[in-house]
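Quick notes on the structure that follows.
The values are calculated or read from the model by the stated rules, or taken from the named source; none is laboratory data. Note that this is a predicted model, so its numbers are computed, not measured. Cβ placement follows ideal geometry from the backbone for every residue including glycine, while neighbour counts extend to all protein chains displayed. The protein model used for the area step is the full one, side chains on, heavy atoms only, and it has no ligands, DNA or RNA in it. Shrake-Rupley method; radii C 1.70, N 1.55, O 1.52, S 1.80 Å.
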Amino acid sequence: MAQAGAGEKGGHVRYTYRLRTSSAARALLAAEWGRCRWVWNECVARSRAVDLHNRATGEKATCGPAQLDRMLTGSRSRTPWLREGSCVPQQQIIRDFGRARAKALQDVAKHLPSTRRAGMPTWKTRREALPTLNYTKKGTAASRGYRAAKRLRAKAHKKVARQRADTSRKWTKKVVRDHDAVAVEDFRPKFLARTNMARKAADAAIGATKAALIEMGRKHGRDIRLVHPAYTTMDCAQCGARAKHALPLGERTHTCTACGITVPRDKNSACVTLVRAGLNPADVDGARPPGALLQEAV
């Protein structure tokens, strides 16, 4: 290691070491890794069970680090093999699982059927990023700066339109390749433009996605059925009874007053859409099984 001069700052030196463990140490490490793997698999099983329970009942039960810590405490008290290991790495596994689960939920939310691309500008951000058009008086020739700003705005709008069209084509191709028949609500872009969701509908490019889905279904020979969207959230998928009042957006559970069934609101709406399209919700598996042959476009 070279020493620094009197007037110079000390340098940094990197050393490389190789750890050679004995057979007894390797056995102990393998046993500890086995316990950590068991804790991870148990966390996955508990999280999956809670998720299935929430989907079936519409509840919002959680499976966070606090619940998993209590699970670990009970498992260590009942299992001598698990109690032989240190609790520090096992608790660290629970913390790592919590962070991985949160990241996975974020990834699932990002990959949900949506035409929004990561980083795609919205109306507000795009308006703030574009140059301001200083309008001139009527009958007066536009200035050079006005014409340059107008070209930049047109270029930005063109880029966003191309991004939305590309995302719509990719998503619709994945949908038609994984399903033989698709039933969707026949949303009208003109109707949505007159509502409070006008900007959200424009950012999501509902009209472009609908046109791309129909075209991709025709290309791949799929059965695309458009259903009128009226009362899909108010009708009951089991008995067909209609609720007396429209459900607010904050209420995510549909409870039928006629038959008494309680199901998640989105699931009930999807089943109503399938029934109106002439499909049986009980026969729908959701996606093509792995390894099944795909009917490609000619």
- [ ] Please go through segment 232-254 and pick out each residue that is open to solvent by less than 30 Å² (accessible area, probe 1.4 Å) and outside any loop (DSSP other than H, G, I, E, B).
- [x] 235, 254
Open item on the list: For segment 190-199, which positions are hydrophobic (A, V, I, L, M, F, W, C) and either buried (at least 19 other Cβ atoms within 10 Å of the Cβ) or at pLDDT below 60 (or both)?
Closed with: 197, 198
Open item on the list: Going by what's in this entry, would residue 55 be described as of a type in the set (Lys, Arg) and surrounded by 13 or more Cβ atoms within 10 Å (Cβ to Cβ)?
Closed with: no
Task: segment 12-42, subset in contact (Cβ under 8 Å) with a residue 12 or more places away in the chain and over 15 Å from residue 85 (Cα atoms), residue nearest to the chain's Cα centre (by Cα) - done: 42
Open item on the list: Please count how many residues of segment 83-98 are over 13 Å from residue 33 (Cβ atoms) and either among the hydroxyl-bearing types (Ser, Thr, Tyr) or in a helix (DSSP H, G or I) (or both).
Closed with: 9
Task: Residue in segment 17-25 that is within 30 Å of residue 101 (Cβ to Cβ), at pLDDT 85 or above and polar (S, T, N, Q) present - done: no
Open item on the list: Step by step: first the residues of segment 200-231, then only those that are modelled with pLDDT under 80 and part of a helix (DSSP H, G or I), then the one that is surrounded by the fewest Cβ atoms within 10 Å (Cβ to Cβ). Which residue is that?
Closed with: 200
- [ ] Among what's in segment 122-165 and is at pLDDT below 70 and among the aromatic types (Phe, Trp, Tyr), pick the residue that is most open to solvent (accessible area, probe 1.4 Å).
- [x] 135
Task: Single residue of segment 258-278 satisfying the filter (of a type in the set (A, V, I, L, M, F, W, C) and either assigned to a helix (DSSP H, G or I) or in contact with a Leu (Cβ under 7 Å, 6 or more places away or on another chain) (or both)) that is most open to solvent (accessible area, probe 1.4 Å) - done: 275
TODO: Being touching a Leu at 6+ places or on another chain (Cβ under 9 Å) and within 30 Å of residue 251 (Cα to Cα) is the filter here, so list the residues in segment 21-79 that pass it.
DONE: 43, 46, 47
TODO: Name the one entry in 14, 18, 48 that is within 30 Å of residue 262 (Cα to Cα) and open to solvent by 70 Å² or more (accessible area, probe 1.4 Å).
DONE: 48
